[in-house]
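Novice: Here it is, the structure, as structure tokens.
Any read-out appearing in this document is the output of simple, stated calculations on the displayed coordinates, not a laboratory observation. Because the structure is predicted, anything quoted here is derived from the model rather than measured. Glycine also receives a Cβ, built like all others from the backbone with ideal geometry; neighbour counts cover every protein chain displayed.
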């Protein structure tokens with residue numbers, strides 16, 4: 001950022017000063033500013049100009065319309081002092097200065113002649129900058145599955161002693177884009193008119209990192225956070241962050257449906273038996289495996305294994321599920337029942353998919369252990 005200064009020997013405004021206004025000279029905490037000093041009418045003077053940066057001073061106006069116009073810099077702290085070598089008329093630039101705290105800052109210059117000329121009046125619009133706090137965020141994960149919980153870490157920087165609200169909004173879901181390779185991505189997604197999944201506020205107590213409330217995503221798609229520090233009479237507000245920033249965005253995938261195969265068992269413990277696998281409904285409340293309960297809260301119990309009837313005390317035993325193949329949409333002529341010695345035929349019947357849903361597997365041979 002460059003701030004044009006005054007013409008020191010004549011106290012006249014430099015070129016273009018009439019068009020430069022404070023409301024166009026803004027920065028964020030962490031930005032670097034400099035002062036461009038234009039010297040005219042020096043008659044070949046060789047020497048130095050001392051530039052003093054004052055601030056921060058609280059802006060005037062409401063948080064939504066903060067301004068440095070009319071701010072009193074009489075007792076303002078000195079943020080930095082810079083010596084600039086000059087050699088006749090021309091434009092010279094001060095060393096860069098990184099502003100770390102929000103508020104109003106202004107430059108004032110003195111031409112070190114004998115006697116010195118200056119200092120220039122503090123607070124002129126062409127020499128003043130309004131610095132805003134900076135808010136950056138990091139989402140808890142950038143890929144997730146439906147049912148996962150996401151949060152956002154909000155880092156507040158340069159707020160000084162601000163104690164107040166930071167508002168956050170979670171937008172989504174928005175349909176992802178497809179890359180040339182067919183992969184899904186949230187890069188380049190249009191967030192205009194995106195639905196609001198959740199919103200809230202956190203109370204900041206000065207600079208620091210603050211975490212949003214958790215949100216459990218229920219629908220696949222792209223989601224992104226936006227944040228805004230509300231501000232108060234001493235700290236100007238931030239503008240809402242740009243939706244779709246990589247650090248604020250997550251791509252949520254549909255949850256993969258895991259299945260638990262239930263085998264119908266026929267034969268004896270001395271000869272191979274025929275096993276027919278059928279899918280359990282997702283979230284079945286009655287399927288069990290080794291004492292584990294297969295329900296909505298845990299649909300992934302023992303994926304890739306099967307339940308068969310044991311030969312003693314009707315105890316069910318876990319065996320690896322081997323060789324099963326999907327038969328497509330073909331309906332088996334006679335779906336094999338789930339059988340246990342001494343058990344009722346409908347013991348697991350309620351847990352099986354309706355007969356017109358996809359079934360799994362041709363008959364495979366497997367001995368009972």
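Novice: Mind ordering 211-223, 124-136, 232-244, 60-72 by average Cβ neighbours within 10 Å, highest first?
Specialist: Working: 211-223: 17.5, 124-136: 22.4, 232-244: 19.0, 60-72: 15.5.
Result, highest mean Cβ count within 10 Å first: 124-136, 232-244, 211-223, 60-72.
Novice: Next question. Using every alpha carbon pair in region 134-253, what percent of pairs falls into each 10 Å bin from 0 up to the bin containing the largest distance?
Specialist: Going out from 0 Å in 10 Å bins, region 134-253 shows 14, 45, 27, 11, 2, 0 percent.
Novice: Once the piece of chain linking residue 43 and residue 178 is laid out straight, how much longer is it, given 0.36 nm per residue of separation minus the C-alpha distance between them? Don't skip to the end; give the middle numbers.
Specialist: On the way: separation 135, 0.36 × 135 = 48.60 nm, distance 6.56 nm.
Length difference between fully extended and current span is 42.0 nm.
Novice: Give me the extension gain from residue 163 to residue 213: residue separation times 0.36 nm, minus the current Cα-Cα distance, reported in nm with one decimal. Could you put the intermediate results ahead of the total?
Specialist: Numbers: separation 50, 0.36 × 50 = 18.00 nm, distance 1.90 nm.
Length gained, residue 163 through residue 213: 16.1 nm.
Novice: Next question. 7 Å from Cα along Cα→Cβ at both residue 192 and residue 155: what's the point-to-point distance in nm?
Specialist: In this crude spin-label approximation the distance works out to 3.2 nm.
Novice: If packing is taken as the average count of other Cβ atoms within 10 Å, what order do 245-252, 169-176, 39-46 fall into, highest mean first?
Specialist: Those peptides, ordered most packed to least, come out 169-176, 245-252, 39-46.
Novice: Identify the residues of region 66-110 with backbone N under 19 Å of a label point that sits 7 angstrom from the Cα of residue 136 along the Cα-to-Cβ direction, or state none.
Specialist: Within reach of a label on residue 136: 97-103.
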